[in-house]
Structures are given as C-alpha cells and as structure tokens.
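Values quoted throughout were computed directly from the atomic coordinates according to the rules given, and no laboratory measurement underlies them. Predicted model, so just to flag it, every value in this text is computed and none were measured. Cβ placement follows ideal geometry from the backbone for every residue including glycine, while neighbour counts extend to all protein chains displayed.
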Amino acid sequence: MKQTAGRDQLGDTAPKFAELNDDVLFGQIWERKDILSLRDRSVITITSLITSGIIDNSLKYHIQNAKNNGVTKTEMAEIITHLAFYAGWPKAWAAFPIFKEVYSSDSSSRSYTPLFGIGSPNSEYSEYFTGQSYINPLNKNVMGIYNVTFEPGCRNNWHIHHKGGQILLCTDGEGIYQEWSKSPIRLHPGDVVYIAPEIKHWHGASSDSWFAHIAIEIPADGAYNEWLEKVDNEQYTLICEKGK
Ligand code: MN
C-alpha cells in the first residue's frame, strides 16, 4: 500500500515529517510483514492510540485498517475491553463509538475474513458483477494485484482481458472459473488459473460458499478489460448443482 496521507496533509507545511510518515513509517516499518504481520501491527497501533487518548480520525483509520487486516468485530470488542483496564475506563468508552461506526458499515462482510483481507465493497465495478464482491488492492507497482472476495452466489460478468491476460491465485472458499464454450472448473485454495489474453471467461463463488482469489493483471501495452453480458442465472444454478 502506497501511503500519501503525510504528503497530502503536511507536504507543504512539514515536508520532512510527511516524508518520514509516508516513506519510513508506512513505506518501511509497516511493510516488514516477514517480521510482524499487518494484523499484529494494527493491534499494537490501536492499543497505543487508545492508551494515549488519541480518539480521532487516525484511530478510525487504524481500526478500519485492522478490520481489513483480519481483526474481526468480536476480537476488536475484546481488545478494547481488555485495554480498558490498563489504559483507563473512559478511554475505552470513547473508543467504542468509532469501533461501532467502522464495524457496522458493511455487515455482510464481517463474518468472512479471507487470507489477504476483504478490503472494501467493490462499488467501482459493481455493474459488472452479480451479487456483492469486495476488493483489496495489494500492489499497484508495475502490475495490479488485487484480492477479490465474492459472497456466496456472486460472480463477475463474462469478460475479456485484452492484450495482457490475468492470473488467479485462489486462497479461500470454493469458486468457479469458466471459459466460453468450455466446461466450468471448480476452484479451491491453492489453485492457479492462467487466463490468456482475448479469452472470454468469468469467475466467482459457488452458490453456497464465499470465495477469494488474488487477481494479477499481466501488464502489456494497451491492456484493457472488456466487460460483456451477465452469466445466465439458469446456467449458473445448473453449474452449482452439478458440483454437489
Ligand atoms: Mn478475469
């Protein structure tokens, strides 16, 4: 994740602080995932903020971040309850409204935590999906890498990755992949799908399971996605029933 909050807010007034915030704190420290996970770093950060009595937008940002990094609603309530005894009762009271606001915003995603984080509702592409999907950008340097999570029954429209193609790395639940005029393929964690350029296809969850994959956009000059018709409902139902 490329952090720009420092430069956005303080780039003119305190350029060194902005640089340290974006490049060192978020660019280097947070990125050392091999030493401490993002989830652990989120918990530590929230604990420090609440303990210091910093109950502002930065706490809201970090609670949202913790949610994206896999801290469930139940766990977050327990974290704040626990630290009330060490940090002070009023600080926990003050933090709960922010916690409630973050964790009630998209209730359907609470119960599901994919390996690479659920991110946020995929509203930008919702017209090309049936059902609710979520997107978590993992990398935007050189190539786009996104974690895409599908609620049960959710799938994208038929589409074509022109010129570049796409690779899917399946991480959670059970999904389906189908190329035009070919049989559908069931997907499970650990499966890898290479989608050549110009191949018409769709992917998504099965009707009774959440599903998440990492989508890697293979870079190419002039690469673009062409979104086509929805997957036929009857066809989809038939595919899902056949797999049982
Ligand atoms: Mn695709």
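State the extension gain, in nm to one decimal, for the chain segment bounded by Thr13 and Asp56, taking 0.36 nm per residue of separation less the distance between their alpha-carbons.
13.4 nm
Looking only at region 215-244, which residues have a backbone nitrogen under 13 Å from a spot 7 Å from the Cα of Ile167 in the C-beta direction?
215-219
At 7 Å along the Cα-to-beta-carbon direction for both Thr4 and Asp191, put a label point, then send me their distance in nm to one decimal.
Calculated label separation equals 3.7 nm.
So what's the net charge close to Trp180: Lys and Arg +1, Asp and Glu -1, counting the other residues with Cβ under 13 Å from its Cβ?
-3
What base-10 log of the normalised intensity I(q)/I(0) is obtained for the chain from the Debye formula, alpha carbons as equal point scatterers, at q = 0.13, 0.14 Å⁻¹?
-0.89, -0.99
Please determine, in degrees from 0 to 90 and to the nearest 10, the orientation of helix 57-68 with respect to the longest principal axis defined by the Cα atoms of the chain, where the helix direction is its Cα long axis.
The helix 57-68 is inclined about 40 degrees to the chain.
Can you tell me how region 32-102 classifies by the Cα gyration tensor, rounded, prolate or oblate, using a/c under 1.5 as the rounded cut?
Values: a/c = 1.68, a/b = 1.51, b/c = 1.12.
Prolate.
Taking 0.36 nm per intervening residue step and subtracting the Cα-Cα distance, what contour gain separates Tyr224 from Leu138 on full extension?
29.0 nm
Output the 0 to 90 degree angle, nearest 10, between the alpha-carbon long axis of helix 73-87 and the longest principal axis computed from the alpha carbons of the chain.
On a 0 to 90 degree scale, this one is about 10.
Using only Cα atoms, find the angle between the long axis of helix 233-242 and the longest principal axis of the chain, and express it within 0 to 90 degrees, rounded to the nearest 10.
90 degrees
Want the number for Ser181 to Lys33: 0.36 nm per residue separation, take away the alpha-carbon distance, what's left?
That works out to 49.1 nm of additional length.
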